[in-house]
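The values are calculated or read from the model by the stated rules, or taken from the named source; none is laboratory data. For clarity, every value in this text was computed on a predicted model and none was experimentally measured. Positions of Cβ are generated from backbone atoms using ideal geometry, with glycine treated the same way; all protein chains shown enter the neighbour counts. Accessible surface is based on the protein model in full, side chains and every heavy atom, while ligands, DNA and RNA are left aside. Shrake-Rupley method; radii C 1.70, N 1.55, O 1.52, S 1.80 Å.
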Amino acid sequence: MSLIALEALTVRYGEIEAVHGISLAVEPGEVVTLLGANGAGKSTTLRAISGLAEPASGDILFEGRSIAGLGPEAIVKLGIAHVPEGRRVFPGLTARENIMLGAANRGRMARRAIAEEADEMFELFSDIKPFADALGWTLSGGQQQMVAVARGLMAKPRLLLLDEPSLGLAPVIVQKVFSIIAEIRRRGTTVLLVEQNARMALSVADRGYVLETGRLALSGKPEELWRNDDVRDAYLGGKAAKAV
Ligand SMILES: Nc1ncnc2c1ncn2[C@@H]1O[C@H](COP(=O)(O)OP(=O)(O)O)[C@@H](O)[C@H]1O
Ligand SMILES: [Mg+2]
């Protein structure tokens with residue numbers, strides 16, 4: 001059974017139909033990437049899964065059970081964590097405090113146990129270890145992104161939704177973020193990764209889907225998508241990118 005399956009999902013913002021009847025599935029243990037240009041409906045799809053946007057029609061099945069219409073708190077308790085676009089680190093809390101907040105869905109836990117788990121996160125995200133006690137606002141964009149992903153992992157999710165983790169980061173930091181995604185996958189967490197950086201996303205994914213103005217245009221294995229001229233034209237500047 002798929003871990004998550006979207007069945008003819010449609011999502012509207014008032015008159016605007018942002019997602020038109022898309023169907024896709026993620027199997028346990030997979031990293032699946034959802035690619036598409038700005039405005040294609042990628043974030044809306046993740047928001048629907050995590051209960052932040054209500055489906056207008058269609059269904060969302062988590063382990064075969066419909067979660068469409070549940071609120072965000074119920075969904076995070078089921079084991080779906082969403083790291084939204086744009087980082088959202090609390091500026092007045094330290095990196096460690098921000099990360100500890102991620103455990104809130106797991107019911108009552110001793111603060112010390114949560115702090116110990118946060119310390120384990122600083123082993124995985126070793127770049128931010130020296131900044132554990134630094135306030136959120138003092139962190140660089142890349143450091144904030146790592147804090148946001150670590151916070152998502154603190155929920156011990158069965159499914160991690162990552163929305164454009166590479167956005168606005170320097171190439172060397174992008175490499176680090178993607179190597180962390182590869183490590184998350186090795187540890188067995190299933191990931192649905194939204195990206196505009198098709199090249200990096202396809203390098204870590206098992207499969208990919210391409211959204212075009214709210215509709216699924218293509219799907220396949222990374223090498224199939226990579227060979228597809230339409231994908232390269234849309235995301236990588238066309239023929240010039242073929243040599244990459
Ligand atoms: N809160 C909102 N209200 C109205 N329209 C929105 C809202 N959020 C997104 N949209 C519109 O929905 C479409 C899909 O947006 P989005 O899912 O954010 O795309 P992506 O993440 O692929 O860039 C776009 O046309 C966007 O303008
Ligand atoms: Mg988006």
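With an 8 Å Cα cut-off and a minimum separation of 6 or more residues, compute the relative contact order for region 130-217 in percent.
The value is 26 percent.
Angle, helix 171-186 long axis vs. longest principal axis of the chain, Cα atoms, 0 to 90°, nearest 10?
Approximately 90 degrees, to the nearest ten.
Specify the angular offset, from 0 to 90 degrees and rounded to the nearest 10, of the alpha carbon long axis of helix 141-153 from the longest principal axis of the alpha carbons in the chain.
90 degrees
In nm, to one decimal, how far is the residue 10 label point from the residue 135 one, both placed 7 Å along Cα→Cβ?
4.9 nm
At 10 °C and a viscosity of 1.306 mPa s, what translational diffusion coefficient does Stokes-Einstein give for region 140-244, taking Rh as the Kirkwood radius over Cα pairs? Give it in µm²/s as a whole number.
109 µm²/s
How much accessible area per residue does region 74-126 have, in Å², with a 1.4 Å probe?
Result: 54 Å² of accessible area for each residue.
I need the phi-derived Karplus couplings for region 126-135: 6.51 cos²θ - 1.76 cosθ + 1.60, θ = phi - 60°, integer Hz, Gly and Pro marked x.
5, 4, 9, 3, x, 10, 4, 9, 7, 6
With each run of n ≥ 4 DSSP H residues scored as -39500 (n - 2.57), what mean residue ellipticity at 222 nm is computed for the chain after dividing by its residue count and rounding to the nearest 500 deg cm²/dmol?
-10000 deg cm²/dmol
With a ≥ b ≥ c the root eigenvalues of the C-alpha gyration tensor of region 88-155, is it rounded (a/c under 1.5), prolate (a/b larger than b/c) or oblate?
Verdict is prolate for region 88-155.
With a Förster radius of 30 Å, plug the Cβ-Cβ distance of residue 123 and residue 57 into 1/(1 + (r/R0)^6) and report the FRET value to the nearest 0.05.
It comes to 0.10.
For residue 36, enumerate residues with amide H under 5 Å from its amide H, sequence gap 5+ or separate chain, H modeled in the peptide plane.
When sequence neighbours closer than 5 places are left aside, the close amide H contacts are 195, 211.
Determine which aspartates and glutamates satisfy two conditions relative to residue 156: a Cα distance under 18 Å, and not lying fewer than 8 residues away in the same chain.
Reachable aspartates and glutamates: 27, 30, 63, 73, 97, 116, 117, 119, 120, 123, 183.
Rounded to the nearest 10 degrees, what's the angle between the helix 111-124 long axis and the longest principal axis of the chain, both from Cα atoms, 0 to 90?
60 degrees
Give me the percent of the accessible area of region 88-155 that comes from carbon and sulfur atoms, probe 1.4 Å, all protein chains in place.
Here carbon and sulfur together make up 55 percent of the probe-accessible area.
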